[in-house]
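Reading through the structure tokens given below for one structure.
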Amino acid sequence: REDEERCDFLFKIILIGDSNVGKTCVIQSFRSAEVTELQHNTIGVDFTVRSIDVDGRRVKMQVWDTAGQERFRTITQSYYRSAHGAMIAYDLSRRDTFDSLPHWIQALEQYGAASLVLVLIGNKCDLEAQRQVLFEDACTLAERSGALAALETSAKHHHNIEEAFQLMARELLVRH
Ligand code: GDP
Ligand code: MG
């Protein structure tokens, strides 16, 4: 409650990308700030709210997860509605999930706000030995698609998760 009073900004962030890339785990990692157990399914999670400090300002991040609709690419328009930011995630140990990014970028262009801030997330960077996507390629795509940045994360080890949301929040503050 005290948290709510202190909040000056509220941003809606959506997570999209292929099934199994770790979207739910990224959100859980962000929520708990320490992952003890990875979950295998998204069960009725609508969104997670966490307040973070960005350069001394209190920002509330409302992070939306899918309930697995991405498996059939049936995410509805309402999921995208009024989102301030989007993270498109892929699994850097599975090339096909990176090759899907244009599909997700196109969905954002179709359904998302024009002012939406986009960050590309290469998750599972703990699986370095199985890497199938170069970070360079993600950076190139980020540049081409007008994304703010490409980042590699590990939800499993809570690596770069805070950084990803901080980066997003900082840019949203600049624009709002
Ligand atoms: P979603 O379908 O995109 O929401 O993916 P989930 O969050 O359900 O994760 C799919 C699978 O990837 C699960 O078995 C997770 O345990 C695993 N996973 C998620 N994040 C990571 C990660 O950073 N590293 C590793 N090695 N596995 C992960
Ligand atoms: Mg999920």
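The values are calculated or read from the model by the stated rules, or taken from the named source; none is laboratory data. Not measured: the values here are computed from a predicted model. Positions of Cβ are generated from backbone atoms using ideal geometry, with glycine treated the same way; all protein chains shown enter the neighbour counts. Keep in mind that these areas ignore ligands, DNA and RNA; they rest on the heavy atoms of the full protein, side chains included. Shrake-Rupley method; radii C 1.70, N 1.55, O 1.52, S 1.80 Å.
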What Rg and what Dmax come out for region 10-160 when only alpha-carbon atoms are used, in angstroms? 14.4, 41
Any idea what the dipole of the chain comes to, in debye rounded to 20, about its Cα centre with Lys/Arg Cβ at +1 and Asp/Glu Cβ at -1? 380 debye
With all protein chains present and a 1.4 Å probe, how do ASP65, ASP8 order by accessible area, largest first? ASP8, ASP65
Using a Förster distance of 25 Å, how high is the FRET efficiency between SER19 and ARG81, based on the Cβ-Cβ distance and rounded to 0.05? 0.70
Springs between alpha-carbon atoms under 10 Å, Gaussian network over the chain: tell me which of ASP55, ASP91, ASP99 tops the mean-square fluctuations. ASP55
Answer rounded, prolate or oblate for region 110-176, using the Cα gyration tensor with square roots of eigenvalues a ≥ b ≥ c: rounded when a/c is under 1.5, else prolate when a/b is larger than b/c, else oblate. oblate
Can you give the charge dipole size of region 91-170 about its Cα centre, rounded to the nearest 20 debye, using +1 on the beta carbon of Lys and Arg and -1 on the beta carbon of Asp and Glu? 120 debye
Choose one answer from LEU141, LEU92, LEU15: the residue with the largest mean-square fluctuation in a GNM of the chain with alpha-carbon springs under 10 Å. LEU141
